[in-house]
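Every read-out reported here was derived from the displayed coordinates using simple, explicitly stated rules and does not represent laboratory data. No experiment lies behind these values; they were computed from the predicted model shown. Cβ sites come from the backbone with ideal geometry, for glycine too, and all protein chains shown count toward neighbours.
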Amino acid sequence: MSDLLDDPTPGQNLPEFSVSEISGEIKRTLEGAFGRVRVKGEVGRVFRARSGHLYFDIKDDRNVLACTTWKGQVAALSVVPEEGMEVVVTGRLTAFGGQSKYNLNVDEVAVAGQGALMALLEQRKKQLAAEGLFAPERKKPLPYLPGIVGVVTSPSGAVIRDILHRLRDRFPRKVLIWPVAVQGANCAPEVARAIAGFNRLTPGGALPRPDLIIVARGGGSVEDLWGFNEEIVARAAAASDIPLISAVGHETDTTLIDYVADMRAPTPTAAAELAVPVRLELMAWADGMGARLSRAATLGITQRRQRLGDLGRALPRGEALLDSPRQRLDWLADRLPQALTHGVQRRRVQLSETAGGLRPSALRALLARRRDRLAAARLSLMPLSREIARGRDRIATLSQRLDAAQGTRLDRLRRQLEATDRLRETLSYKATLERGYAVVRAGDQLITGATAARTAAALEIEFHDGRVRALPEGGSEPDAPAAPRKAGRPKTPPPEQGSLF
């Protein structure tokens with residue numbers, strides 16, 4: 001190659017190279033002269049091919065350097081370059097003869113100063129805050145006792161062991177672990193896919209959906225935690241329907257997911273404490289509440305029993321409540337026969353008075369007299385003949401209506417009288433005699449008991465068809481001669497009279 005750089009002597013023929021040979025010589029010279037270099041600049045165009053390779057530009061105010069990161073190298077990048085970011089890239093310069101271009105094969109990307117990284121973080125924070133992703137009203141409350149806890153973290157770190165140990169001490173729960181990379185270029189997309197994947201699970205399915213998600217990682221530098229500052233992670237956490245706890249880094253570390261999550265825990269262990277209560281404390285609280293409930297129920301029953309007893313003592317006895325109605329019933333029962341009798345008599349008088357004023361013979365005599373007067377007036381008042389004829393017709397009509405009304409009224413009064421008389425007969429004691437009963441008297445005194453009957457001199461028994469006289473047991477008719485005894489025959493005692501009561 002050094003011979004090519006020497007000036008040829010005049011007239012000497014220059015060696016000939018093929019295109020591939022000269023391109024290969026240039027590539028070897030470029031790679032040998034520079035080797036591995038670090039370049040600082042601003043990220044320009046960024047393009048990720050379908051094959052997984054990453055193509056981007058590093059530029060300053062005058063020149064542009066094309067950079068390439070192969071698919072196998074992308075996963076090792078701690079920071080994924082974005083347009084406008086000021087970075088320091090490390091790699092090897094190489095040439096691509098197919099297009100006569102050179103570029104930098106980048107295998108490490110670092111932000112050019114923490115100030116630039118923080119400025120980028122503040123820019124993203126303002127953008128997401130303006131969209132309302134940090135609003136307190138959109139944050140969901142954590143379940144008091146989740147049945148299943150989903151954990152998004154690295155399965156090989158100490159974080160998952162701390163979370164499982166803390167859950168086991170406080171309140172054992174079922175845990176689903178979604179393994180992800182917690183730093184590097186694959187961190188952000190894997191964490192976002194894990195959050196979305198938990199939300200797509202079916203509740204109660206073969207792989208049940210968790211009731212709470214914990215996104216956890218241990219402490220580290222800003223570059224190590226940068227995956228949790230990516231916009232894709234923040235939006236995945238905001239779109240989660242499952243309450244989410246962010247436990248990234250230590251207490252002083254703050255990432256973008258902390259602002260979007262429903263709850264931020266200073267450490268992964270603290271996230272486990274926020275996720276579940278202490279089982280022993282919960283059991284003690286439940287026992288205390290049960291004891292308070294039992295005491296309250298017992299006290300309430302005692303107070304109500306005492307109140308019921310007080311009210312019961314203030315109430316009158318059932319017999320006392322019935323005394324007044326029973327007395328009123330007896331008084332009405334005594335007045336009922338008199339009231340019925342007086343009512344029947346009063347109605348009989350009214351019926352007689354009404355029937356006397358409505359006799360058909362008196363009405364006919366009145367009509368005959370008026371008819372005679374009308375006949376006499378017809379001779380002297382011929383012009384009024386028509387009026388008289390019409391009056392006669394009206395009188396005839398009224399007479400017919402009066403006869404019909406009188407007959408109807410008399411029939412109704414007759415039926416009422418008959419019904420009242422039947423009621424009187426029903427209430428009379430004579431109807432009782434027809435059913436086989438009898439009334440016993442001693443003179444004018446009514447006998448109602450056997451003692452009074454034995455002490456009476458003579459008895460009179462009234463049946464429905466007449467009265468008979470009788471002697472009480474052991475008595476004798478006054479002034480009656482004694483009957484002679486027949487000799488030779490024993491005296492047969494008369495049959496016992498018996499008591500009618």
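Cα gyration tensor of the stretch 135-280, axes a ≥ b ≥ c as square roots of the eigenvalues: rounded (a/c below 1.5), prolate (a/b > b/c) or oblate? Since a/c stays below 1.5, the shape of the stretch 135-280 is classed as rounded.
In loop segments of the stretch 291-350 as defined by DSSP, the trypsin sites (Lys or Arg not before Pro) with at most 14 further C-beta atoms inside 10 Å of their C-beta are 317. Take 236-249, 190-203 and order them by the average number of nearby Cβ atoms within 10 Å per residue, most first; the result is 236-249, 190-203. Distant-in-sequence amide contacts of residue 108, defined by a placed amide H-H separation under 5 Å and a gap of 5 or more residues or a different chain, comprise 90.
Kirkwood-type hydrodynamic radius, the chain: 38.2 Å, calculated from all non-identical alpha-carbon pairs.
Our coupling estimate for the stretch 244-258, obtained by passing each phi through the Karplus curve with A = 6.51, B = -1.76, C = 1.60 and θ = phi - 60°, is 10, 10, 9, 9, 9, x, 8, 5, 7, 7, 10, 10, 5, 5, 5 Hz, Gly and Pro reported as x.
For the chain, the mean residue ellipticity at 222 nm estimated from helices alone is -16000 deg cm²/dmol, where every DSSP H run of n ≥ 4 contributes -39500 (n - 2.57) and the total is divided by all residues, rounded to the nearest 500.
Gain on full extension, evaluated as 0.36 nm per residue between residue 239 and residue 452 minus their Cα-Cα distance, stands at 65.7 nm. The residues 59, 126, when put in order of fewest to most other Cβ atoms within 10 Å, stand as 126, 59. By the count of neighbouring beta-carbon atoms within 10 Å, fewest first, 331, 226, 70, 178 end up ordered 331, 70, 178, 226.
When each full DSSP H helix of the chain is screened for a Cα extent of at least 30 Å along its own axis and an average Kyte-Doolittle hydropathy of at least -1.0, the helices passing are 279-314, 318-357, 360-380. Extension gain for the segment residue 331 to residue 48, taken as residue separation times 0.36 nm less the Cα-Cα distance, is 90.5 nm to one decimal. Under the simplified labelling scheme, the residue 426-residue 18 pair shows an inter-label distance of 14.3 nm, with each label point 7 Å from Cα along Cα→Cβ.
Extension gain for residue 40 to residue 390 (0.36 nm times residue separation, less C-alpha to C-alpha distance): 112.1 nm.
When both the stretch 422-450 and the stretch 203-257 are represented by their alpha-carbon centers, they are found 109 Å apart. A Förster distance of 51 Å, applied to the separation of the beta-carbon atoms of residue 361 and residue 317, puts the FRET efficiency at 0.15. Each residue in 156, 78, 399 was given a count of other beta-carbon atoms within 10 angstrom of its own, and listing them fewest first yields 156, 399, 78.
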